[in-house]
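Read the figures in this text as sums done on the coordinates, not as results from a lab. This structure is a prediction, so every number in the text was calculated from the model and none was measured. Note that we place each Cβ from the backbone using ideal geometry, even for glycine, and neighbour counts take in every protein chain shown.
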Amino acid sequence: MIRFFAAPIAAIALLSVLAGSARAEFFDSRDVMGGGPNFFQGGSSPIPRTTVIYNGNYAPGTIVVNTAERRLYLVLQNGQALRYGIGVGRDGFRWGGVHRITAKKEWPDWTPPSQMLARRPDLPRHMKGGIENPLGARAMYLGSTLYRIHGSNEPETIGQAVSSGCFRMTNDDVTDLYSRVSVGTPVVVLNN
């Protein structure tokens, strides 16, 4: 009796694995926001969040993005900062300047800007927030720019130049940063 059921169960298991592989090959999200094939899987950052000595001339509470290092610093008291790994803009999409966080959203909706749609007309015109959304778990909007510090379900892209100008973090890291800053927080983007 066990042999009678074992073959169909094995066949169903094999079909499930093959179907999952076919789905993974069919949709590769790296074209959406410039990342890799694990968009829906999440995971931890290849660059762990850590407290470091920081000798910048910025007030505690300031966010400093260093695009060359591909790191984001939240300046703390006593010459320290929290350092996070980030994904930055690809060649031609990196920028610098000083802004403030003007809005914060949990599981934000995503409406690709017209500039991105001109490059990628196949993108959706709007996506509701959620695990499949390229902005991830949290987003902090930077001044009047098109750019955000936002989450990502593609941890393998952290530490790389992959975006269209936004700064991406793992969902764990962006949730941590989001809880530590408020609207009005200054953000200094260094593009050396």
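Every pair of different Cα atoms in segment 40-138 enters the Kirkwood calculation, which places the hydrodynamic radius at 16.0 Å. In this structure the amide hydrogen of VAL65, modeled in the peptide plane, comes within under 5 Å of the amide hydrogens of TYR73, VAL188, VAL189, LEU190, none closer than 5 places in sequence on its chain. Sorting the segments 82-93, 178-189, 122-133 by their residues' average number of neighbouring beta-carbon atoms within 10 angstrom, most packed first, yields 82-93, 178-189, 122-133. Taking amide H as placed 1.01 Å from N in the peptide plane, GLN80 has its amide H under 5 Å from the amide H of TYR54, each at least 5 places away in sequence or on another chain.
Quick check on packing: order 60-73, 96-109 by the mean number of other C-beta atoms within 10 Å, highest mean leading. Present the calculation step by step, with values, prior to reporting the outcome.
Details: 60-73: 18.8, 96-109: 15.0.
Sorting 60-73, 96-109 by mean packing, highest first, produces 60-73, 96-109.
3J(HN,Hα) along segment 47-59: 10, x, 5, 8, 8, 10, 6, 9, 10, x, 9, 10, 5 Hz, from the Karplus curve 6.51 cos²θ - 1.76 cosθ + 1.60 with θ = phi - 60°, whole Hz, x for Gly and Pro. Rounded is the label for segment 90-180, because the ratio a/c of its alpha-carbon gyration tensor axes (a ≥ b ≥ c) stays below 1.5.
Here's how it looks for THR185: its modeled amide H is under 5 Å from those of ILE101, which are all 5 or more places away or on a different chain. As a ratio to 2.2 N^0.38 Å, the alpha-carbon radius of gyration for segment 137-191 is 1.09.
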